[in-house]
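Readers should treat all values here as calculations from the given coordinates under stated rules, not as data from a laboratory. Nothing here was measured: the structure is a model prediction, and the numbers come from that model. Cβ placement follows ideal geometry from the backbone for every residue including glycine, while neighbour counts extend to all protein chains displayed.
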Amino acid sequence: MSGLGGAWLRLSAAFTDAVTDLTDREDLTVQCAPGLGRGAPGCFVPALATIELDGTHLRLDPATCDPSWPADRDRYPALWGVLTHEAAHATHTRWAVPDGASAAAADAAMSLEESRIEVAQVRRRPADRRWIRACVTHLVLADFTTPP
């Protein structure tokens, strides 16, 4: 995968180490580089046990980041929030949209799932609330307030 080398590869490895604490899973891989995330700030790909993060949301030189230091995460709260949100999917999402479901039903179910997994994550790890909030504030709500 182009773009996943050097400092981005080292940061991806550090995020992979950190995601175990967020999920209690040891089978996950995190990839972080500009353009990853399949059109979103991040995504969880269950079939690959992989979380992809769009590195453009880091807004820092990846060579200067060390997520193994909790205080360093304060420099990129929105991206750490995306990782936390996707980790919540990896931990709590156990279903897929059924074949034949209408687009409206699938959209409604996925919208409800977004909130459900975040609540489950915060119940399990209350300190994650601030990271999820940073993600929502800086990325999700920005889409609502940015003119087309």
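Values for this structure:
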quantity: Pick from region 58-78, criterion hydrophobic (A, V, I, L, M, F, W, C) and out of contact with any Cys (no Cβ under 8 Å at 6 or more places or on another chain), ranking: farthest from D128 (Cα to Cα); calculated: A63
quantity: Those helices (runs of 4 or more DSSP H) lying entirely in region 92-148 with at least 1 residues without any contact (Cβ under 8 Å) to a residue 60 or more places away in the chain and of a type in the set (K, R); calculated: 103-124, 129-135
quantity: Which listed residue is charged (D, E, K, R), free of Cβ contacts under 8 Å to residues at least 60 places away in the same chain and in contact with a helix residue (DSSP H, G or I) (Cβ under 7 Å, 6 or more places away or on another chain), from D54, D66; calculated: D66
quantity: Residues located in region 76-111, provided they are within 10 Å of the chain's Cα centre (by Cα) and among the hydrophobic types (A, V, I, L, M, F, W, C); calculated: A78, L79, W80, V82, L83, A87, A88, A90
quantity: Subset of region 75-102 that is more than 16 Å from H57 (Cβ to Cβ) and charged (D, E, K, R) - its residue that is surrounded by the most Cβ atoms within 10 Å (Cβ to Cβ); calculated: R94
quantity: Unique residue being hydrophobic (A, V, I, L, M, F, W, C), touching a residue at least 60 places away in the same chain (Cβ under 8 Å) and either out of contact with any strand residue (DSSP E or B) (no Cβ under 7 Å at 6 or more places or on another chain) or more than 19 Å from A96 (Cα to Cα) (or both) when the list is A18, A47, A7; calculated: A18
quantity: Residue under evaluation C32, criteria (1) over 20 Å from T137 (Cα atoms); (2) surrounded by fewer than 21 Cβ atoms within 10 Å (Cβ to Cβ), criterion not met; calculated: (2)
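Results for (1) more than 20 Å from C43 (Cα to Cα); (2) not basic (K, R), shown as yes or no for each residue.
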| residue | (1), (2) |
| --- | --- |
| A101 | yes, yes |
| R116 | no, no |
| P126 | yes, yes |
| R130 | no, no |
| A134 | no, yes |
